[in-house]
1. Suppose we filter V65, V137, V78 for residues that are in a helix (DSSP H, G or I) and aliphatic (A, V, I, L, M); which single one remains?
2. Could you list all residues from the stretch 112-132 that are touching a residue at least 24 places away in the same chain (Cβ under 8 Å), surrounded by fewer than 21 Cβ atoms within 10 Å (Cβ to Cβ) and not in a strand (DSSP E or B)?
3. Here is a list of conditions, (1) in contact with a Leu (Cβ under 8 Å, 6 or more places away or on another chain); (2) touching a residue at least 60 places away in the same chain (Cβ under 8 Å); (3) surrounded by fewer than 16 Cβ atoms within 10 Å (Cβ to Cβ), and V164 meets all of them except one; can you say which number that is?
4. Suppose we filter the stretch 96-111 for residues that are assigned to a strand (DSSP E or B) and within 13 Å of I148 (Cα to Cα); how many remain?
5. Which of the residues spanning the stretch 104-115 are in contact with a strand residue (DSSP E or B) (Cβ under 7 Å, 6 or more places away or on another chain) and modelled with pLDDT under 90?
6. Show the residue pairs that are 6+ apart or on different chains and have beta-carbon atoms under 9 Å apart, the first residue being within the stretch 15-44 and assigned by TED's automatic domain parsing to the domain that holds G57 and of a type in the set (S, T, Y), the second being assigned to a helix (DSSP H, G or I) and buried (at least 16 other Cβ atoms within 10 Å of the Cβ).
7. Mind listing whichever residues of the stretch 56-70 are more than 12 Å from L90 (Cα to Cα), in contact (Cβ under 8 Å) with a residue 40 or more places away in the chain and surrounded by fewer than 16 Cβ atoms within 10 Å (Cβ to Cβ)?
Amino acid sequence: MRSRSDRLFYERQSFQQWRMRLLLAIPPVILTLLVIWQVGLGHSFGKQPMSNGRIVGWDIFLWLVYLRLVTVRLVTEVRAGQLSVSMRGLWRWRKIQGADIKSVQVITFDPARDFGGYGIRSTAQGTAYLAGGNQGVRLELKRGLPVIVGSQRAPKLADAINRVVQQ
């Protein structure tokens with residue numbers, strides 16, 4: 001297992017879009033109100049209502065999905081020889097070897113206009129990993145499209161990646 005001492009850079013970012021959290025909460029909140037209406041107050045909902053057990057089960061399932069989505073984190077880590085970017089909570093990650101990176105550049109962008117929002121975004125400009133803010137690092141790869149990694153500490157991330165590339 002790797003130790004923290006061989007890390008050149010580590011950053012963990014939460015998604016800060018409160019409007020999205022509120023929108024994601026609408027389905028479980030509505031179903032919770034239906035559970036209260038049907039199970040708690042004893043009123044059936046619709047012509048063929050779901051059983052109490054099934055409606056409670058769906059409510060729990062929707063809350064679990066909601067909690068999973070709001071706890072996703074973008075984790076960026078630079079170690080000797082590679083950059084690792086992962087969406088913890090969605091089981092998505094990408095490792096880029098230092099030898100595969102041609103150049104590193106700190107950039108400023110508009111997430112909505114340039115990439116269509118936050119998250120993992122694939123566009124004609126390359127693949128972007130964005131959690132918040134408007135700064136990041138653009139990696140030109142020797143093969144393939146560029147990779148953009150959003151960061152609250154973009155200059156430090158670029159320095160760490162440059163050290164890996166020079167090794």
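The values are calculated or read from the model by the stated rules, or taken from the named source; none is laboratory data. The structure displayed is predicted, hence computed values, not measured ones. Every residue, glycine as well, gets a Cβ built from its backbone with ideal geometry; the counts of neighbours run over all protein chains shown.
1. Numbers: V137 fails: in a helix (DSSP H, G or I); V78 fails: in a helix (DSSP H, G or I).
When all the criteria are applied, what remains is V65.
2. Answer for the stretch 112-132, where residues must be touching a residue at least 24 places away in the same chain (Cβ under 8 Å), surrounded by fewer than 21 Cβ atoms within 10 Å (Cβ to Cβ) and not in a strand (DSSP E or B): just G132.
3. Single failed check for V164: (3).
4. The total comes to 8.
5. Correct list: P111, F115.
6. Listed by first residue and then by second, the contacts come to T32/D59; T32/L62; T32/W63; S44/Q38.
7. Within the stretch 56-70, no residue meets the criteria.
Here's the yes/no breakdown for (1) modelled with pLDDT of 90 or more; (2) farther than 21 Å from Q17 by Cβ; (3) not hydrophobic (A, V, I, L, M, F, W, C):
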site	(1), (2), (3)
T71	no, no, yes
L74	no, no, no
S122	no, no, yes
Y129	yes, no, yes
G133	no, no, yes
